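Take a look at the structure set out below.
The values are calculated or read from the model by the stated rules, or taken from the named source; none is laboratory data. Computed from a predicted structure; not experimentally measured. For neighbour counting, all protein chains shown are included, and Cβ atoms are generated from backbone atoms with ideal geometry for every residue, glycine included. We work out accessible area using only protein heavy atoms, side chains counted, and drop any ligands, DNA or RNA first. Shrake-Rupley method; radii C 1.70, N 1.55, O 1.52, S 1.80 Å.
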Amino acid sequence: MNREQISVSQLSALMCMFIISSSTLLIPTFLAAQAKQDAWIAVGAGITAACLLVPLYTKLSGAYPRMTLVEYSEAILGRLPGKAVGLLFLAYLLIITSGLLRQLGEMITTLTLPQTPIQAIHAVMVLLLVFSVRRGLETVGRASEIFLPWVLLFIICFLLLLSPEIHLRNLLPIMEHGLPPIVKGSITQIGIPYLDLVIFLMIIPHLRHPEKSGRAFRFAMLSGGGIVLLFTLFAILVLGASTTERSVYPLFQMAQKVNIGNFIQRIEVLVGGLWFISLFFKITVCLYACALCASQLFGLRGYREITYPLGLMIWVLAMVIAPSSVYFMNFVQEIWTISTLPYGLLLPLLLLAVHTFKQRSIRKKRL
């Protein structure tokens, strides 16, 4: 099978889309509930802490530049432990892909198509996702590179249009409840979405110059994280902490505030389109990594053959993963960071520690 290749700029675009998609919709609400008007401080602290993941991921992928996480798990831990790690990682990929699909369906049924069964929306989206994955990583990477500048331009224009609605008093008093709420919010911010960037360890081997993956990680961390910070800050400035906390989708509530000369207004549809595009790329990346993981784990000739069964599987899981939208949102806010910690932090640390120990043992034997 010919190895697909993408450029650093395409990987950077995919990572940036990955970060800004669900984060811009969920983080303002979650962090306003935890840190109130200091939510924007929690976002900044979370970005700073998450940057420590970059050297971990780049060092691990740099040791095996042409192998995915599933492949070098077997090389580092041995065949059976490596297979076990691969199965656990496949389960994680299935859960996050189906969870994101459920999130997309909930948003569409809540805001635009309330009479449409969510199963039908999921079915249409699964077909589009499978079609995109089967076109290949290069196609998805080029598409993200085309869309990202327009997404960033729209975000800048959107925030400028919101500037007349800013109320600086909404930020006061700063640190009213001390550091604990900010720390709790920053931990939530690390889990959504930075720990999930471990998924890109399945994609870095397809980079034309894998040694430059750190550049893509840093760009995505700073640009995507900066956008999440701005959206959270504007949510507090425009809506206030209490309204942001109670709002299911504060991004759309902010869009309703835009009114320039009674002409530019009601731009919720454009904001929804922006969010839909970025989230579509995120789910596509997750489904691609899931298909690649399964194909390497079970020794298949290629990942395309398994995309339809996986699509059917995530369609079913998207409905059974949570009994209601309220339960789903509470799970993401309270439990997701804890549940993704073993995959996003502990697993890479374990693999890097065992690899380093083996390399030192080999050097000592040579001496």
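Send over the per residue convex hull volume for region 25-99, Cα only, as a whole number of Å³. Walk me through the intermediate numbers first.
Details: hull volume 9.2 nm³, N = 75.
Normalising the Cα hull of region 25-99 by residue number yields 123 Å³.
Taking N as the number of residues in region 62-165, what is its Cα Rg relative to 2.2 N^0.38 Å? Mind showing how you got there, number by number?
Working: Rg = 19.5 Å, N = 104, 2.2 N^0.38 = 12.8 Å.
Expressed relative to 2.2 N^0.38 Å, the Cα Rg reads 1.52.
When ligands, DNA and RNA are left out and all protein chains stay put, how many square angstrom of accessible area per residue does region 95-202 have with a 1.4 Å probe? Numbers along the way, then the final one.
Values: 5000 Å² over 108 residues.
Heavy-atom accessible area per residue stands at 46 Å².
Can you give me the relative contact order of the chain as a percent, contacts being Cα pairs under 8 Å and 6 or more apart?
Relative contact order, the chain: 39 percent.
Among rounded, prolate and oblate, which fits region 1-130 when a ≥ b ≥ c are the square roots of the eigenvalues of its C-alpha gyration tensor, a/c under 1.5 means rounded, and a/b larger than b/c means prolate? Please list the in-between numbers first.
Details: a/c = 2.01, a/b = 1.30, b/c = 1.54.
Cα axes put region 1-130 in the oblate bin.
In the chain, what percent of the accessible surface is made up of carbon and sulfur (1.4 Å probe, ligands and nucleic acids excluded)? Numbers along the way, then the final one.
Values: 10830 of 16110 Å².
Exposed carbon and sulfur together represent 67 percent of the surface.
Return the loop-located trypsin sites (Lys or Arg not before Pro) in region 278-367 (DSSP other than H, G, I, E, B) with at most 16 other Cβ atoms within 10 Å of their own Cβ; answer none if there are none.
Details: sites: Lys282, Arg301, Arg304, Lys358, Arg360, Arg363, Lys364, Lys365, Arg366; in loops: Arg301.
Answer by residue number: Arg301.
Please report, ordered by residue number, every helix of the chain (full DSSP H runs) that is 27 Å or longer along its axis going by C-alpha atoms and whose mean Kyte-Doolittle hydropathy reaches -1.0. Mind dumping the intermediate values first?
Working: long enough: 8-35 (37 Å, 1.49); 79-111 (48 Å, 1.11); 137-162 (36 Å, 1.89); 213-239 (38 Å, 1.70); 268-297 (43 Å, 1.65); 347-366 (29 Å, -0.14).
TM-like helix candidates: 8-35, 79-111, 137-162, 213-239, 268-297, 347-366.
Before anything else, pin down the relative contact order of region 48-115: Cα pairs under 8 Å, at least 6 apart, normalised by residue count, whole percent. Please list the in-between numbers first.
Values: 23 pairs, mean separation 9.3, N = 68.
Relative CO of region 48-115 lands at 14 percent.
Restricting attention to region 264-367, which chymotrypsin sites (Phe, Trp or Tyr not before Pro) occupy a DSSP loop and are surrounded by at most 13 other Cβ atoms within 10 Å? Intermediate values should be presented prior to the final figure.
On the way: sites: Trp275, Phe276, Phe280, Phe281, Tyr288, Phe298, Tyr303, Trp315, Tyr327, Phe328, Phe331, Trp336, Tyr343, Phe357; in loops: Phe298, Tyr303.
Sparse-neighbourhood loop chymotrypsin sites (Phe, Trp or Tyr not before Pro): Phe298.
In percent, what relative contact order does region 210-367 have, based on Cα pairs under 8 Å that are 6 or more apart in sequence? Intermediate results must be reported in sequence, preceding the final value.
Numbers: 46 pairs, mean separation 11.5, N = 158.
Relative contact order for region 210-367 comes out at 7 percent.
Calculate, in nm to one decimal, what Val269 and Arg169 gain on full extension: separation in residues at 0.36 nm each, minus their alpha carbon distance. Could the numbers behind the result be given before it?
Working: separation 100, 0.36 × 100 = 36.00 nm, distance 2.93 nm.
Here the segment from Val269 to Arg169 would lengthen by 33.1 nm.
Would you report the distance distribution of C-alpha pairs in region 265-333 as whole percents per 10 angstrom bin, up to the bin with the largest distance?
Histogram of Cα-Cα distances, whole percents per bin: 17, 32, 34, 14, 3, 0.
With a/c under 1.5 counting as rounded, go ahead and sort region 7-58 into rounded, prolate or oblate using the C-alpha gyration tensor (a ≥ b ≥ c being the square roots of the eigenvalues; past the cut-off, prolate if a/b is larger than b/c, else oblate).
Numbers: a/c = 3.65, a/b = 1.68, b/c = 2.17.
Since a/c reaches 1.5 but b/c is at least a/b, the shape of region 7-58 is classed as oblate.
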